1. Given the C-alpha centroids of the stretch 321-386 and the stretch 525-551, what is the distance between them in whole angstrom?
2. Measuring from label point to label point, each 7 Å out along Cα→Cβ, what is the residue 649 to residue 178 span in nm?
3. Sticking with the crude label model, points 7 Å out along Cα→Cβ, report the distance from residue 359 to residue 191 in nm, one decimal please.
4. Just rank 346, 183, fewest to most, by other beta-carbon atoms within 10 angstrom.
5. Starting with the highest mean, order 112-119, 260-267 by the number of other Cβ atoms within 10 Å, averaged over the residues of each peptide.
6. According to a simple spin-label model (label point 7 Å from Cα along Cα-to-Cβ), what is the distance in nm between residue 566 and residue 57?
7. So if we plug the beta-carbon distance of residue 302 and residue 262 into 1/(1 + (r/R0)^6) with R0 = 35 Å, what FRET efficiency do we get, rounded to 0.05?
């Protein structure tokens, strides 16, 4: 495919594009889709007049501003356009539109094929982001590092385990891990904006604040952490009508010179370079391996979607021509673990998950103690003190992270080995809660993640894509009252943080307007760190993986708690889900006996009569972080449906008493994919995992997590009372049991770190 042809997709061009239940034995045909699918139009008229006076001065209160939120909405619209154009671009990455065959799944399969194009694009974007990250200077006083180097940039890492020893300082030190989040100077990225796809990955990365902080500390990015997202420059470079992102030609040239990669994602090579985990031979592997011809309802489509052997596929496999090791995603994850162990042994760089305390802030060794007594360093001591804790593909070519997990489990059950690891402890055979938590958080960074970072950035981008879709559909950006809307969102966000402060054992879930302000705040890491630590006495996390059932339960609590505390509506939506969620509050005995509560509920009820009722696109619960458990995700949905049936029945009964019509509720709903086509979803609730994310399009499903006993991603036995998986171990997700990873910490072995899902709170 020629470069000139590919340029028609570039988000920097001025081209135009136009877009377009329950399980029943014999379901009725779906109703017709909505009449007007979403469309782009590169009109010549401009609406920028309403944003000419935007002021990007930072708030003295340390909270996001309405100008930043407006710029954020503009950026999200640019992300939406990028995804739409990539998915609909015929032939990109060698994936042609399929043959015209009929079948019941044709529309869904056609949309999932577009999702596959996007999956490859995002996988390439994550790789490009890693190269951009590697080219950045550690400090604002240094020049760019130049072309990306896979070794630790600028020599040895700055942060070492010995930096965590307690010392009495007469003046603040930039080497003190406690002052790392606030003591550095930001980089001047605003005048050197990277391409939009790299901005998209950086954006999703920063929305995992604890992972981002720890990675910046471990990977020597001191000044990058204090660098806010460059809103003023981003706002300037994105057209307010077409959402096209453009920069001067010289900026593209400098970017390519600094990073060694092309400005445009699709102009990059069709292969990725990886190092063989066994012999370090450089391998050139294709991003994808599409068949020559695809039909939407035949075996070629199913095979490609579920067994793509390219790097972006879940069936990735490449045989090293030097040592004949079969390289897979899983072996690359093990290689990452081995590399981190070696960096600890040779450079004293801490293992991931061992830096931040239960409150999310960097934790030093306590006064009068030493590194051997530091509970969070328990995983580091396993690597350092046990000579046989070593892994090699030469010794075992079939190594997996399950092997690593099994070895750690054997250590946890062996009091002799524990006594060696904890030799400096007063009770050497005792493992503290913090030590168990550190093991879980360390292991969580290797499940389904072979990148150098603490989170799978591909999955993070895709889950954020759900939020992008919601913002595009609600379209606050084009509202004449956008500034007032943003101001109200910021106020609600400040109150939301107040709920987290008052309820440390609960998980608060944001509405979409609150989440917009929350996301905007996190994109200024230093300010967000200072604000949340001051307000809540901890660094509030933002986990982007919470089981959909838990998310719904936490949202119901948040609605009731907010409206009781503030006497104002929380969810500015009157769809059947929001109404049934709040009906229990209206009927509570406390409310009936409390005159003040009755007055507040009356005010909320009057306000709600003027709110939208769209269950798909209403401004209610934010669900970009909703996931399904692999073992029982769909089995739980009938129970959730039953609970919603009961709530909706109460809504109908209350409406009948008032002589009003209850909100409409259909068995299924039409949900637009990001590529412009309506997809009928038989079972839909506003809290479910995104139904438009295509099965098999990604190397790992971004909307699913493992919870089968013994399954990949499960917790290490001896560190947890439940089976939590994938990013949940690291991200403080909603608990499956009191002592599970992400649990409330009120049970033996609990993390004590619930909180911060697209939900915050917890210890």
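Every read-out reported here was derived from the displayed coordinates using simple, explicitly stated rules and does not represent laboratory data. Treat the numbers as computed from the prediction; the structure is a model and nothing was measured. No Cβ is skipped: glycine too gets one built from the backbone with ideal geometry, and neighbour counts run over all protein chains shown.
1. 24
2. Modelled inter-label distance: 5.7 nm.
3. In this crude label model, residue 359 to residue 191 measures out at 3.9 nm.
4. Fewest to most other Cβ atoms nearby, the residues stand as 346, 183.
5. Numbers: 112-119: 25.6, 260-267: 19.2.
In decreasing order of mean packing, 112-119, 260-267 become 112-119, 260-267.
6. My value for the distance between the label points is 2.6 nm.
7. Efficiency, from the Cβ-Cβ distance: 0.60.
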